[in-house]
Amino acid sequence: MYKVVKNAEEAIHDITDNSTIHLGGFGLCGIPENCIAALAKKGVKGLTCISNNAGVEGFGIGILLHQRQVKKMISSYVGENAEFERQLLSGELEVDLIPQGTLAERCRAAAAGIPAFFTPAGYGTEVAEGKEVREFDGKMYIMEHWLKADFSIIKAWKGDTDGNLIYRKTTRNFNLPMAGAGRITIAEVEELVPAGQLDPDQIHTPGIFIKRIFEGEKFEKRIEQRTVSKKA
Amino acid sequence: MLDKDGIAKRIAQELKNGYYVNLGIGIPTLVANHIPEGISVTFQSENGMLGMGPFPFEGEEDADLINAGKQTVTVMPGGSYFDSATSFAMIRGEHVDLTILGAMEVSETGDIANWKIPGKMVKGMGGAMDLVASAKHIIVAMQHVNKAGESKLLPKCTLPLTGLHCVKRIVTELAVIDITPNGFKLIERAPGVSVDDIKKATEGKLIVEGEIPEMHLYL
């Protein structure tokens, strides 16, 4: 029970200005929306946010961008957010764009205690500038480093009081590799149950990676692109 | 000349039974609508799903189930979900048989540029750099010329690169073209398009050997 906190405000109480934070999710799918709302309310500034995307205007990290709380974004794709593009082109916001697989692996490496690895992604492009290049079995690879942070904030479907997590459908995305990648990992879940109620065979993220867990007050789970088929 | 669906239809003929296929955003997404009869393939969506199915019926959308384009989708029987690091292990580990993606420019040596226009567009590369660096087979689906009427098949790319020497085949509204050690090689013409039309729209070196057949689109 020592991992369980009351709510998002308590979970993020020691996040201060200029913190570096991993934020799980892909687009708006599986984002820790309660903690993002709490960060917006707290008003911490100068944040470096590591997240595959930058939310949309008015939701997700878009809220933090709108309030000028973000100093730097480390992402792979930010095309959905016009406010982001405006801040970037005007020089208000720093951005590091990283190939998506490299971003995921750099988070995983940080959680796994692997300081660097070689990947072919970005070889021969501007992503490779200044990086060590090595040939393995006739193919060229570039060295990438682990990507640590002060905090990792992730979202899961179900969690227990020991921090064990189960994700639903495609929400596993960056939430799983970011678990344990930051100094302190915070998990918000849709349903928090007592330890022992989740089947150990079905756990996606073992509790050891999680320092704080709470049941989110509200999940809006906004859909970014609502696409449907017609019934025949 | 082909429309976007025609390009997708032609590419769909490259699918083989049992293939694992990653589709990029745009024309590549349409390929899923034209899988030939009797062919069974599995679509990988790099945000964390194998066995991506069609869009859900209205009212059955699930915010927790999207594709890499952030669109609501469904999952096919036999599908699976996984995290982003595992997803790119499939891609980097060359377990995906075919990658189909769009491009702004392709060079005659198979270089591709599709993620950035300096000073104008900063959206990011997403998974494209990982995909092109590791795919066993890459087909580019794109228009032959850009909106300004300039060829997108060039001796050298002018935009920042996504990957080097990786594209194997290009399908446009005009033609099917392979990348060979000697440059672009014309394989097929689109219905009603002449070799001259294709030559005019191709700025890079285009190899034309013998009669160039018109493509057959099984409708």
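Adding -39500 (n - 2.57) for every DSSP H run of four residues or longer, then dividing by how many residues chain B holds, sets the calculated 222 nm ellipticity at -4000 deg cm²/dmol.
The contact between chain A and chain B removes approximately 4200 Å² from the accessible area (both sides summed; 1.4 Å probe; ligands, DNA and RNA excluded).
Counted by Cβ distance under 13 Å from residue B:152, the other residues give a net charge of -4, where Lys and Arg count +1 and Asp and Glu count -1. Ellipticity at 222 nm from helices only: DSSP H runs of n ≥ 4 in chain A, each -39500 (n - 2.57), divided by the residue count, give -5000 deg cm²/dmol. Using θ = phi - 60° in the Karplus curve 6.51 cos²θ - 1.76 cosθ + 1.60, the 3J(HN,Hα) couplings for the range B:36-43 round to x, 3, x, 9, 10, 10, 10, 8 Hz; x is entered for Gly and Pro.
Calculated accessible area for the range B:4-207 comes out at 39 Å² per residue, all protein chains present (probe 1.4 Å; ligands, DNA, RNA ignored). Looking at chain A alone, DSSP beta bridges between its own residues are antiparallel in about 30 percent of cases.
I need the GluC sites (Glu not before Pro) found in the range B:174-219, filtered to DSSP loop residues with at most 15 other beta carbons within 10 Å of theirs.
Details: sites: B:188, B:203, B:209, B:211, B:214; in loops: B:203, B:209, B:211.
Loop-located and lightly packed - B:209, B:211.
Its Cα gyration tensor gives the range A:86-135 an equivalent ellipsoid. The semi-axes, each the square root of 5 times an eigenvalue, are 24, 16, 9 Å from largest down.
Neighbours of residue A:56 by Cβ distance under 11 Å: Lys/Arg scored +1, Asp/Glu scored -1, total -2. Using θ = phi - 60° in the Karplus curve 6.51 cos²θ - 1.76 cosθ + 1.60, the 3J(HN,Hα) couplings for the range B:196-201 round to 4, 4, 5, 4, 4, 8 Hz; x is entered for Gly and Pro.
Annotation: amide H of residue B:19 within the under-5 Å range of B:42, sequence separation 5 or more or interchain, hydrogens built in the peptide plane.
For the range B:4-207, the percent of C-alpha pairs falling in each 5 Å distance bin, counted from 0 to the bin holding the largest distance, reads 1, 7, 16, 19, 20, 16, 11, 6, 3, 1, 0.
Taking all protein chains as present, what is the carbon and sulfur share of the accessible area of the protein assembly as shown, in % to the nearest whole number, probe 1.4 Å?
Values: 9570 of 19010 Å².
The computed percentage sits at 50.
Farthest toward the positive end of the dipole of the range B:4-207, out of B:137, B:19, B:151, is the Cα of B:151, where the dipole comes from beta carbon charges about the Cα centre. Couplings 3J(HN,Hα) for the range B:98-107, derived from phi with the Karplus relation 6.51 cos²θ - 1.76 cosθ + 1.60 (θ = phi - 60°), are 8, 10, 10, 9, x, 8, 8, 8, 10, 9 Hz, where x marks Gly and Pro.
In percent, how large is the relative contact order of chain A, given Cα pairs closer than 8 Å and 6 or more residues apart? Could you put the intermediate results ahead of the total?
Values: 538 pairs, mean separation 54.7, N = 232.
The normalised contact order for chain A reaches 24 percent.
How large is the convex hull of the Cα atoms of the protein assembly as shown per residue, expressed in Å³ as a whole number? Let's see the in-between values first.
Values: hull volume 68.1 nm³, N = 451.
Output value, Cα hull per residue: 151 Å³.
Toward the positive end of the charge dipole of chain A, with +1 on the Cβ of Lys and Arg and -1 on the Cβ of Asp and Glu, the farthest Cα among A:24, A:133, A:225 is that of A:225. For the modelled label position 7 Å from the Cα of residue B:214 along Cα-to-Cβ, which residues of the range B:1-33 have backbone nitrogen atoms closer than 15 Å? Answer for the range B:1-33: B:1-3. Over all orientations, the range A:138-190 has a Cα convex hull whose mean projected area works out to 5.3 square nanometres. Under the simplified labelling scheme, the residue B:197-residue A:134 pair shows an inter-label distance of 5.2 nm, with each label point 7 Å from Cα along Cα→Cβ.
Taken over chain A, the ratio of Cα radius of gyration to 2.2 N^0.38 Å equals 1.03.
Taking the Cβ of residue A:192 as the center, what net charge do the other residues with Cβ under 12 Å away carry, scoring Lys and Arg +1 and Asp and Glu -1? Counting the neighbours of residue A:192, the net charge comes to -3.
So, with +1 on the Cβ of K and R and -1 on the Cβ of D and E, and no other charges, what is the size of the charge dipole of chain B about its Cα centre, to the nearest 20 debye? Charge dipole of chain B: 660 debye, to the nearest 20.
The values are calculated or read from the model by the stated rules, or taken from the named source; none is laboratory data. Every value quoted in this text rests on a predicted model; they were computed, and no experiment measured them. Please note: Cβ atoms are built from the backbone with ideal geometry, for glycine as well, and neighbour counts cover all protein chains shown. For accessibility, only protein heavy atoms count, side chains too; no ligands or nucleic acids. Shrake-Rupley method; radii C 1.70, N 1.55, O 1.52, S 1.80 Å.
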